[in-house]
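The values are calculated or read from the model by the stated rules, or taken from the named source; none is laboratory data. Treat the numbers as computed from the prediction; the structure is a model and nothing was measured. Here the Cβ positions follow ideal geometry from the backbone for every residue, glycine too, while neighbour counts run over all protein chains shown. We work out accessible area using only protein heavy atoms, side chains counted, and drop any ligands, DNA or RNA first. Shrake-Rupley method; radii C 1.70, N 1.55, O 1.52, S 1.80 Å.
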Amino acid sequence: MSRKTPRAASVELVFVGTELLSGQVNTHQAWLSTRLRAAGLDVTGATTAPDSLAAITAAFRQGARHADAVICCGGLGPTFDDITREAAAAAFGRSLRFSPPQWRRIERRFSRYHAKVPEENKRQAEVLTGAEVLDNPNGSAPGQALRARAGKRRVQVYLLPGPHPEMAPMFL
């Protein structure tokens, strides 16, 4: 009787930021791949997308077609080009909702430094419908975890901030 070896869960990585396509070294890929493989997961691909809604949305869709999970780093900040939340919403047919609890958390973080929260930081309190918010103790951009559909497949999607001191502790 032959036994089939169980297939390892597969993960696609998405890295967001035009700066990553302009010569800045992407240290996240090696860091994440090493840890994912050590956990028994199969990293099947990685895409770097510029700060473009169409490009990030396409990267999410491609990753979701090929893997059980998609981990995305970057594009969760407060500036106009931080559009990962919007791209995930477009890719997975979700809407974004303003989360008062997340906004209060951002306000508390700024108040520790006796600073007023810039108006543009309100974007960081937008959460995909159905997503679980992942606390970010080292920054103002919370992560998000979402169970989504890619055609008939189910895929787990994780949005993590781009700066390594924020992303790494959230991943671990």
Exercise for the section: Return yes or no: is LEU76 out of contact with any Pro (no Cβ under 6 Å at 6 or more places or on another chain) and either among the acidic types (Asp, Glu) or open to solvent by less than 40 Å² (accessible area, probe 1.4 Å) (or both)? Expected result: no
Exercise for the section: List every residue pair whose Cβ atoms sit under 6 Å apart, with the two residues 6 or more apart in sequence or on different chains, where the first one lies in the stretch 76-99 and is touching a residue at least 40 places away in the same chain (Cβ under 8 Å) and charged (D, E, K, R) and the second, anywhere, is in a loop (DSSP other than H, G, I, E, B) and open to solvent by 30 Å² or more (accessible area, probe 1.4 Å). Expected result: ASP81/ASP51; ARG94/THR129
Handout entry: Top-ranked residue in the stretch 89-101 [being out of contact with any Leu (no Cβ under 6 Å at 6 or more places or on another chain), surrounded by 14 or more Cβ atoms within 10 Å (Cβ to Cβ) and of a type in the set (Gly, Ala, Ser); ranked as nearest to ALA69 (Cα to Cα)]
Key = ALA91
Exercise for the section: Scan the stretch 111-123 and give yes if some residue there is assigned to a loop (DSSP other than H, G, I, E, B) and either surrounded by 14 or more Cβ atoms within 10 Å (Cβ to Cβ) or in contact (Cβ under 8 Å) with a residue 24 or more places away in the chain (or both), otherwise no. Expected result: yes
Handout entry: Selection status of ARG85, of a type outside the set (Gly, Ala, Ser) and either in a loop (DSSP other than H, G, I, E, B) or open to solvent by 30 Å² or more (accessible area, probe 1.4 Å) (or both)
Key = no
Fill in the blank from the handout: Filtering the stretch 124-139 down to residues that are under 14 Å from PRO100 (Cα atoms) and buried (at least 20 other Cβ atoms within 10 Å of the Cβ) yields GLN124, ALA125, VAL127, LEU128
Exercise for the section: Identify all residues within the stretch 150-161 that are at pLDDT 95 or above and open to solvent by less than 30 Å² (accessible area, probe 1.4 Å); write none if there are none. Expected result: VAL155, VAL157, LEU159, LEU160, PRO161
Problem - Qualifying positions in the stretch 124-156 - of a type in the set (A, V, I, L, M, F, W, C) and in contact (Cβ under 8 Å) with a residue 24 or more places away in the chain - result: ALA125, VAL127, LEU128, ALA131, VAL133, LEU134, ALA141, LEU146, ALA148, ALA150, VAL155
Fill in the blank from the handout: Screening ARG104, ARG147, ARG65 for residues that are in a helix (DSSP H, G or I), open to solvent by 60 Å² or more (accessible area, probe 1.4 Å) and within 26 Å of ARG35 (Cβ to Cβ) leaves only ARG65
